[in-house]
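Mind having a look at this structure? Questions to follow.
The values are calculated or read from the model by the stated rules, or taken from the named source; none is laboratory data. The shown structure was predicted, so the numbers you read here are calculated from the model rather than taken from an experiment. When the accessible area is computed, the model is the full protein with side chains, heavy atoms only, and any ligands, DNA or RNA have been set aside. Shrake-Rupley method; radii C 1.70, N 1.55, O 1.52, S 1.80 Å.
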Amino acid sequence: MSYRDIVQWSAGEVGAWLTRRGHQELCDIFMERDISGDQMLTLTERQLQGLVRSGIQRKRLVRDLRMLQRSLDYSDCSAAQTAARLQEVSADLVEYTHRLVSAGLTIETVEEVEDIDTALRTAGVANIGHLIKIGEMMEQEMSSRSSVFGGADLSRTM
């Protein structure tokens with residue numbers, strides 16, 4: 001399924017997806033709050049606590065959202081490079097692609113970030129293992145870009 005398509009889902013399309021996944025009792029809650037596909041992809045388990053009272057139902061929904069996020073085709077959009085790098089580190093990290101892109105934290109913009117740890121937490125990366133892996137990947141990306149640009153600048157001055 002295309003990432004670009006899901007981001008554009010209306011609340012009604014989110015409701016249809018919920019129904020297909022067996023969460024029809026949540027459709028009214030999501031419709032009342034007008035949760036679009038874009039918003040649904042940014043929901044964290046903590047945020048879902050306010051929407052879904054049943055712990056079992058919430059865990060099922062979180063599992064389904066993660067499966068959806070991991071299965072999306074990011075190849076035809078601006079999130080492609082970030083998704084590809086997350087995939088290289090670990091397949092389960094791809095689920096954070098939309099959250100990172102929505103927070104302005106992408107492979108292309110990583111040099112502009114002052115505090116990667118805080119930016120990742122703000123983007124909704126709560127799992128400490130994932131936080132460390134993504135943080136290390138972003139740091140590597142920053143250092144590889146600065147060494148490439150630094151090397152290019154040095155060669156011009158010689």
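Which value, in Å², gives the accessible area per residue of region 48-93 when a 1.4 Å probe is used on the protein heavy atoms?
So region 48-93 comes to 53 Å² accessible per residue, rounded to a whole number.
Above 14 angstrom, tally the Cα pairs of region 73-137 and express them as a % of all pairs, no decimals.
So the pairs more than 14 Å apart make up 50 percent of the total in region 73-137.
With every protein chain in place, what's the accessible area of GLU88 (1.4 Å probe, Å², nearest 10)?
Result for GLU88: roughly 130 Å² accessible.
Given H placed 1.01 Å from N in the peptide plane, which residues other than close sequence neighbours of SER2 have an amide H under 5 Å from its amide H?
ASP73
Quick one: length gained pulling THR19 to ALA84 fully straight, 0.36 nm per residue minus the C-alpha distance?
Full extension from THR19 to ALA84 adds 20.4 nm.
How much accessible area does VAL113 have with a 1.4 Å probe, in Å² rounded to the nearest 10?
Counting only protein heavy atoms, the figure is 30 Å².
How would GLU139, GLU45 line up by accessible area, probe 1.4 Å, largest first?
In descending accessible area the options line up as GLU139, GLU45.
Ok, one more. If you roll a 1.4 angstrom probe over the protein chains with everything in place, what fraction of the accessible area of the chain belongs to carbon and sulfur, to the nearest %?
Carbon plus sulfur share of accessible area: 50 percent.
Can you divide the C-alpha Rg of the chain by 2.2 N^0.38 Å and report the result to two decimal places?
Normalised by 2.2 N^0.38 Å, the Cα Rg of the chain equals 1.18.
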